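Handing you a structure now.
The values are calculated or read from the model by the stated rules, or taken from the named source; none is laboratory data. Quick caveat: nothing in here was measured; it's all calculated off a predicted structure. Cβ placement follows ideal geometry from the backbone for every residue including glycine, while neighbour counts extend to all protein chains displayed. We work out accessible area using only protein heavy atoms, side chains counted, and drop any ligands, DNA or RNA first. Shrake-Rupley method; radii C 1.70, N 1.55, O 1.52, S 1.80 Å.
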Amino acid sequence: MNSVLEIKDLKTYFKTPRGTAKAVDGVSFAIPKGGTFALVGESGCGKSMTALSVIQLVPEPAGYIAGGRVLLNGRDITGLTEREKRGIRGNNISMIFQEPMTSLNPVLTIGEQIMEAITLHQGKTRKEAREAAIEMLGRVKLPDPASLLSAYPHSLSGGMRQRVMIAIALSCRPDLLIADEPTTALDVTIQAQIIDLIDELKRETSTAVLLITHNMALVYTHAETVGVMYAGKIVELAPTKTLFRNPMHPYTVKLLRSIPGQEKRGLKLDTISGAVPPATSYPVGCRFSGRCPREMEGCSGIEPPLVECSPLHSVACHLHDAEFMSKPYSRPLRHEPDVLPPLAVPHGEKEALLEVKGLKTYYPIRKGLFKRVAVHLKAVDGIDLTVRKGSTLALVGESGCGKTTAGKSIIQLIRPTEGNIIFEGSDLTTLSEKGLRPFRSRMQIIFQDPYSSLNPRLTVKETIEEGIKALNPGLAKKAREEKIAWTLDRVGLGPEAMLRYPHEFSGGQRQRVGIARALAVDPEFIVCDEAVSALDVSVQAQILNLLKSIQRDFGLSFLFITHDLGVVEYIADEVAVMYEGRIVEQGPTEEIFSNPKDAYTKRLLEAVPKIDASLLSSWKLP
Amino acid sequence: MTGLENPPLGRYEQDKTMPVILATDLITFFLVGAIVYFIIASRKDGSLKAVRRELARNRLAVVCMAFLAFYVAVALLDSVRYRDAVIGDDGVPALSEGGSVIYSPEALSLLDRALSGMRTRTEKTYSAPFATHSYAKESMEGAGVTIVRGYPPLKYPRTHWLGTDRVGNDVLFIALKGVRTGVVIGAGTTLVIIPFAIFFGVIAGFYGGAIDDIVQYIYTTLSSIPGVLLIVAFMLLFGSSGYQGGLVSDVHLVWRAFVLNDRLFWLCVILGITSWTDLCRLIRGETLKLRELEYVQASKAFGAGRLSIIYRHIVPNVMHLVLITFVLQFSGLVLAEAILSYIGIGVGPETGSWGNMINTARLELSREPVVWWNLLAAFGAMFALVLPANIFGDAVRDALDPRLRYR
Amino acid sequence: MLTYIIRRVLYAIPIVIGVNLLTAVLFFYVNTPDDMARKILGEKNVTATQVENWKRDHGYNLPVFFNGAEEGAAKISETIFFRKSLPLLWLDFGRSDRNNIDIGGEIKTRMFPSLAISLPIFTFALVLDLFLAMMLAYYRGTYLDVWGVVLAVVLMSVSTLFYIIGGQYLLGKVLKLFPISGFDTGIDSIKFLVLPVVIGVLSSLGVGVRFYRTVFLEEINRDYVRTARAKGLSEGAVLFKHALKNAMIPVLTNVVVSIPFLFYGSLLMERFFAIPGLGSFTIDAIQAQDFAIVRSMVYLGSILYIIGLILTDISYTLVDPRVRFE
């Protein structure tokens, strides 16, 4: 028994008004000493709940562990008393969370929050704990650890807070560290530092790591073993290299193939039809049935067990079960083609649609006794950009670099402080709100958050109608309704969606409504402000496909604001890299990615975890 | 004061009655209208439908709703009133010198008429619930010419479920007459608050800058004055004139049948002025959040005007706060009315109200023997309105805004 | 931090002036001195001369804001506002309309009986509310919590008048534990104070416990509490060390603002228990329609509220490091 953690048939259920939600429904895996096990999957598949079950922090009273065992160094911890569990938490198992901004107590000092765990579990005096805390802060590479002890969390950046979280988690040298999306809320360059730090400390202390993430590339570069979760179960379990070389479950393949990247330019991204079933009502047989590209007649009735198909590689799929395949019900129900269809946008004309010259947007910062404007926050500090007709310009950079402000300033949602925005010969910055009206329908915006981008009190029809009414008031009611129906159809929603409210739709569908809203006024230029960043990878692929196809069909120009470089590589013709309000480098996408010149661009590109290029186009459905 | 003055309905033609509408009656009508509107709207509007479904699932909330519906129904019945023509000896309506019909000053409501038995069967003085004899000893004529002291029998034994008060009125009837006042105070005050709070809250949050500063200044200044004293000051200044409840005299009437200067109405207005600031603050905060939301930005990208954005996107999305505040404040206002009436600055002495009941009965506990049913009836009637309102308010809030749960 | 406090204090100045103007408009314009005189002299059968005499005797025979008949600065100073309302800014309350008593002196002597009853109510209620709320939060989701909340809602649905009348009847009259009402000075005052304090604490219990429980539960669902649990801290340590300190911020808003009001007393309690404090002073003035006293009390209340607001802001800097280092 050399596994630090071994989970056997773990079941974590929740009582909800709609019945029992089986968030985790029979999950088994093991992590050896010093090993890193990654649990991947889309949101709502049960990853985080598995993590909380391991550390015995399932939110009570709604949630409870309904079955199975969690063995820590061979000892089942599910049956321990609360007191014994507390002795394990923070001591043998510790955890870091996704949101560093809210995970630290705002009213206690950093020192107090680290020393708390040390004095509790290691029986050290305050003085010794203080020494240990300083040492830990040094090891997570925070500057001036001694003075940091008396600092409060609000004075630290997100990356520094996550380092503090790691220091707290590792302060008692735990056997197992659970990292639940530890880098998701951080900027790309910080992400790399944090994950490298976890790796480094893991090697030093030979702590085992359970890494929870949705980022496949991160798994590829940092985990030894991977479990792919879908609908509360592990559907595929293998050493990382094996899994990425030879994914066997159709879901895994689909998931990998939906990741955007350079090699898929000109092709449609693979997508998964349908939606993840709710945890209260899974299908009887295989939980992927109904969505599977290789579904067979018996799939929806018989549940596939997770079996080892080749050494160390386990899959829960009937396709790899010789006995099942010999039965008559193995006749295929569906057989999607394996090749990705092309989706090429005719290469953009070189003619400029919109030119941004010396754009500056400043915000006043008020300070002192009378709140006078002391300084200006230079959100956008003199940028030049050119958006060409029918092509996509990506504006990339970390959070707070001013890219969203730039996008809003360009379409005059925020009036810029200085500079010119020339849209086909007219300078938008000189126009009044009234003078802008003719341009409003020609430039539109799509937002990030599919939840706050639609007014919950308006039907889809009313939402789309607003723009048509405002910008094309002459259109008769009937023509307007036809237009709405047509637009909805174009974004892949049926006309029955018209009378429904936003809360009746999934995140991806809402994003489609957001696109329809912009599309309905026949724009030529659309700002996509992190339009796919909040979506799961398979949904993201659907929306990227949609954006690309409408660009092809209507000759649209996009300004694509994002921090996701994979998306940029896939969709953008040109890239502008923004840093602290300025553009540090711009040029054709391929050139920037293959030969970055600016130091910041280099750092940015290096920081992104990458899957081996040879694997990227190799994945085939079983 | 017998049944003669109050003949059964339907014996007279229409022009032999004259409707009287108090300003506060409009509040009841408006409340009932708003409830009906909500029920109809919730059939169509998706998010309201969800709220309704959530409420229907909550069994306790449904029970409370039934209680509240009963109270509102009583208030509504007590808000439809009309005066009867005075009938001369010849059986036809008496005419004034100018030839117009003379109406009785008593504007009896549907409730008064429906419960006319309870209203008119009065005793001499106190009697305990379901009693057959009076509560106080009296000198009575015994056999022959002897005078004995004893408990005289009641005129209407075993009919007074909650006993009678000092002047012999049925306590149950008086408690029911307090319903309308409670409901009107709870609903009317909020109706006064809503337009102020929405208007100031939304413009402060949406426009920001100097407008925000001014609105914040106004509500900080207003809320810095102790509420109860502001009410006292206002009521001392305005409350003493006007219709105090009871008989309707012609001086109160405007446009023939309308009583505008209604003390209860002023009380609602004044309570509203002193308590709109909380909701205003909430709405301002919510608007600050909403105006940055992406759907508002999208609307701006269509070149939509500010008023259109406020109308389409801001106001509908602060309405849940309004509804939550309405149901949660309701109970507090009912309790406040009793206290204000008790210290003599609430409703007029002629208006049926639980505060007035308590005020007249406050010394009864020190009587020997104790008269308890008056106080208990008043407190019980109030409790039976306030408790369901509190529970229902919580349920509505949970259904509308799960974020605020537990609050 | 000092700038922050100075700014909050400066911010209070226009509010004080605003209250002063508002009360002046309300008490001198809307309700003119003539109305006042008539109310005090008795509604009926008052001659114009009597009214004029009364106004002259009490200094109300001047224009409200602007005196055109005077010269220079006197145009402003020879007004009711300048004479009667402005001095309130430096807490000069003047004399009452009816018995010509010194309002300021009255406030000074009556403030202590008010404090004698409101301070214990405030302290005991706060401690009990917080204790019970924390207990419910600790046992959240259990039957204790569920029934505790139900009880709190029931308690808050009962009229304060019921607590007072019922308490006096049960504890004072039937059980004869305490005198029903009255007041004394020194150590003897205790026997008079117990009953109102018990009733005062009980009547605010429901609202208080429910509010603080919500505050605690809100903190308990925060991410940092999950972090604290993941460290292996006991539920008690999580609640008392991590959640309580954060919960203090909303608690302070609720509590500190009412501290200056303790001097102000309570209208209801003082009336029922015959305590010669500011509350009964006010009630008597209301019933005697003595507007000078009511106006002074309105103004005093506002000042106390504003002081409370400033104290709240200052106390934030003590518990919230985000404000402290602004």
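Pairs only if they're at least six apart or on different chains, beta carbon under 9 angstrom, first in the stretch B:270-294 and farther than 26 Å from B:Leu236 by Cβ and at pLDDT below 90, second acidic (Asp, Glu) and in a helix (DSSP H, G or I); list them, first residue then second.
Pairs that qualify, where the first residue is farther than 26 Å from B:Leu236 by Cβ and at pLDDT below 90 and the partner is acidic (Asp, Glu) and in a helix (DSSP H, G or I): there are none.
Could you list, in sequence order, all residues of the stretch A:75-91 that are open to solvent by 10 Å² or more (accessible area, probe 1.4 Å) and more than 9 Å from chain C (Cβ to nearest Cβ)?
A:Arg75, A:Asp76, A:Thr78, A:Gly79, A:Leu80, A:Thr81, A:Glu84
Are there helices (runs of 4 or more DSSP H) fully within the stretch B:302-407 with at least 3 residues that are open to solvent by less than 10 Å² (accessible area, probe 1.4 Å)? List them.
Where helices (runs of 4 or more DSSP H) fall fully within the stretch B:302-407 and carry at least 3 residues being open to solvent by less than 10 Å² (accessible area, probe 1.4 Å), they are B:315-342, B:354-361, B:373-400.
Please work out which residue is farthest from the other protein chains (Cβ to nearest Cβ), limiting yourself to the stretch B:194-230 and to residues that are hydroxyl-bearing (Ser, Thr, Tyr) and closer than 18 Å to C:Ile13 by Cβ.
Out of the qualifying residues, it is B:Tyr219.
Let me ask something else about it. Would a scan of the stretch A:111-133 turn up a residue that is touching a Pro at 6+ places or on another chain (Cβ under 9 Å), more than 30 Å from A:Gly44 (Cβ to Cβ) and either facing another protein chain (nearest Cβ under 10 Å) or among the polar types (S, T, N, Q) (or both)?
Within the stretch A:111-133 (the criterion being touching a Pro at 6+ places or on another chain (Cβ under 9 Å), more than 30 Å from A:Gly44 (Cβ to Cβ) and either facing another protein chain (nearest Cβ under 10 Å) or among the polar types (S, T, N, Q) (or both)), the answer is yes, since at least one residue qualifies.
Please go through the stretch C:182-218 and pick out each residue that is open to solvent by 50 Å² or more (accessible area, probe 1.4 Å), at negative phi and either out of contact with any Phe, Trp or Tyr (no Cβ under 9 Å at 6 or more places or on another chain) or not in a helix (DSSP H, G or I) (or both).
C:Phe183, C:Asp184, C:Thr185, C:Ile187, C:Asp188, C:Ile190, C:Val207, C:Phe211
Among residues belonging to the stretch B:14-42 that are open to solvent by 70 Å² or more (accessible area, probe 1.4 Å) and modelled with pLDDT under 80, point out the one that is nearest to the other protein chains (Cβ to nearest Cβ).
Residue satisfying both the conditions and the ranking: B:Asp15.
Which of the strands (runs of 3 or more DSSP E) contained wholly in the stretch A:269-372 include at least 1 residues that are more than 14 Å from chain C (Cβ to nearest Cβ), within 26 Å of A:Leu395 (Cα to Cα) and modelled with pLDDT of 90 or more?
A:352-367
Identify all residues within the stretch C:76-129 that are charged (D, E, K, R), surrounded by fewer than 16 Cβ atoms within 10 Å (Cβ to Cβ) and over 25 Å from C:Val255 (Cα atoms); write none if there are none.
Start the filter on the stretch C:76-129 by keeping residues that are charged (D, E, K, R), which leaves C:78, C:83-84, C:92, C:95, C:97-98, C:102, C:106, C:108, C:110, C:129.
Narrowing further to those that are surrounded by fewer than 16 Cβ atoms within 10 Å (Cβ to Cβ): C:83, C:92, C:102, C:108.
The answer is C:Arg83, C:Asp92, C:Asp102.
Output yes when any residue across the stretch A:259-271 is free of Cβ contacts under 8 Å to residues at least 60 places away in the same chain and over 30 Å from A:Thr430 (Cβ atoms), and no when none is.
no
Answer yes or no as to whether A:Pro456 is modelled with pLDDT under 90, open to solvent by 20 Å² or more (accessible area, probe 1.4 Å) and within 10 Å of chain B (Cβ to nearest Cβ).
yes
For A:Gln586, which of the numbered conditions (1) outside any loop (DSSP other than H, G, I, E, B); (2) more than 21 Å from the chain's Cα centre (by Cα); (3) within 28 Å of A:Cys292 (Cβ to Cβ) fails to hold?
(3)
Could you list, in sequence order, the residues of the stretch B:231-247 that are without any contact (Cβ under 8 Å) to a residue 60 or more places away in the chain, open to solvent by less than 40 Å² (accessible area, probe 1.4 Å) and more than 7 Å from chain C (Cβ to nearest Cβ)?
As a first pass, look at the stretch B:231-247 and keep what is without any contact (Cβ under 8 Å) to a residue 60 or more places away in the chain: B:233-234, B:237-238, B:240-242.
If we keep only those that are open to solvent by less than 40 Å² (accessible area, probe 1.4 Å) as well, we get B:233-234, B:237, B:242.
Listed by number, the residues that qualify are B:Phe234, B:Gly242.
Kindly indicate whether any position in the stretch A:415-437 is under 30 Å from A:Glu496 (Cα atoms), open to solvent by 30 Å² or more (accessible area, probe 1.4 Å), out of contact with any strand residue (DSSP E or B) (no Cβ under 8 Å at 6 or more places or on another chain) and within 8 Å of another protein chain (Cβ to nearest Cβ).
Within the stretch A:415-437, none of the residues are under 30 Å from A:Glu496 (Cα atoms), open to solvent by 30 Å² or more (accessible area, probe 1.4 Å), out of contact with any strand residue (DSSP E or B) (no Cβ under 8 Å at 6 or more places or on another chain) and within 8 Å of another protein chain (Cβ to nearest Cβ).
Let me ask another. A:Leu546 - would you say it is more than 12 Å from chain B (Cβ to nearest Cβ), hydrophobic (A, V, I, L, M, F, W, C) and outside any helix (DSSP H, G or I)?
In short, no.
Taking helices (runs of 4 or more DSSP H) that fall entirely within the stretch C:1-120, which contain at least 3 residues that are farther than 26 Å from C:Ser280 by Cα and within 14 Å of another protein chain (Cβ to nearest Cβ)?
Working: elements: C:2-24, C:33-41, C:48-57, C:74-77.
Output list reads C:2-24.
Another question, then. From the list B:Ile310, B:Ile391, which one is facing another protein chain (nearest Cβ under 8 Å) and touching a residue at least 60 places away in the same chain (Cβ under 8 Å)?
Result: B:Ile391 is the single residue among B:Ile310, B:Ile391 that is facing another protein chain (nearest Cβ under 8 Å) and touching a residue at least 60 places away in the same chain (Cβ under 8 Å).
Within 26 Å of A:Pro305 (Cα to Cα) and open to solvent by 10 Å² or more (accessible area, probe 1.4 Å), is that true of A:Val226?
no
Taking the stretch A:148-187, which residues are among the β-branched types (Val, Ile, Thr) and assigned to a strand (DSSP E or B)?
Passing the criteria: only A:Ile178.
Ok, one more. Pull out all pairs, ordered by first then second residue, where Cβ-Cβ is under 9 Å, the residues are six or more apart or on different chains, the first lies in the stretch C:3-22 and is without any contact (Cβ under 8 Å) to a residue 60 or more places away in the chain, and the second is open to solvent by 50 Å² or more (accessible area, probe 1.4 Å) and assigned to a helix (DSSP H, G or I).
Hits for this filter: C:Tyr11/C:Leu309; C:Pro14/B:Tyr217; C:Gly18/B:Tyr217; C:Gly18/B:Ile218.
Specify which of the listed residues (A:Asp553, A:Asp489, A:Asp522) is of a type in the set (Asp, Glu), part of a helix (DSSP H, G or I) and over 30 Å from A:Glu591 (Cα atoms).
Values: A:Asp553 fails: over 30 Å from A:Glu591 (Cα atoms); A:Asp522 fails: part of a helix (DSSP H, G or I).
A:Asp489 is the lone residue from the list that is of a type in the set (Asp, Glu), part of a helix (DSSP H, G or I) and over 30 Å from A:Glu591 (Cα atoms).
Across the stretch C:291-325, what is the number of residues that are open to solvent by 10 Å² or more (accessible area, probe 1.4 Å), within 15 Å of C:Ile249 (Cα to Cα) and facing another protein chain (nearest Cβ under 8 Å)?
4
If you don't mind, another one. Which condition from (1) open to solvent by 10 Å² or more (accessible area, probe 1.4 Å); (2) within 12 Å of chain B (Cβ to nearest Cβ); (3) within 23 Å of A:Glu482 (Cα to Cα) is the one that A:Glu524 breaks?
(2)
So which residues in the stretch C:219-240 are surrounded by fewer than 21 Cβ atoms within 10 Å (Cβ to Cβ), touching a residue at least 12 places away in the same chain (Cβ under 8 Å) and not hydrophobic (A, V, I, L, M, F, W, C)?
If the condition is that a residue be surrounded by fewer than 21 Cβ atoms within 10 Å (Cβ to Cβ), touching a residue at least 12 places away in the same chain (Cβ under 8 Å) and not hydrophobic (A, V, I, L, M, F, W, C), then C:Arg222, C:Glu235, C:Gly236 are the ones that fit.
Is at least one residue of the stretch C:5-16 under 21 Å from B:Val232 (Cβ atoms), open to solvent by 70 Å² or more (accessible area, probe 1.4 Å), modelled with pLDDT of 80 or more and among the hydrophobic types (A, V, I, L, M, F, W, C)?
no
With A:Ile446, A:Ile464 as the choices, which residue is open to solvent by less than 40 Å² (accessible area, probe 1.4 Å), modelled with pLDDT of 90 or more and in contact with an Asp or Glu (Cβ under 8 Å, 6 or more places away or on another chain)?
After ruling out the rest, the residue left standing is A:Ile446.
Do we have A:Ala62 as modelled with pLDDT under 95, open to solvent by 10 Å² or more (accessible area, probe 1.4 Å) and away from chain C (no Cβ under 14 Å) here?
So A:Ala62 fails the test.
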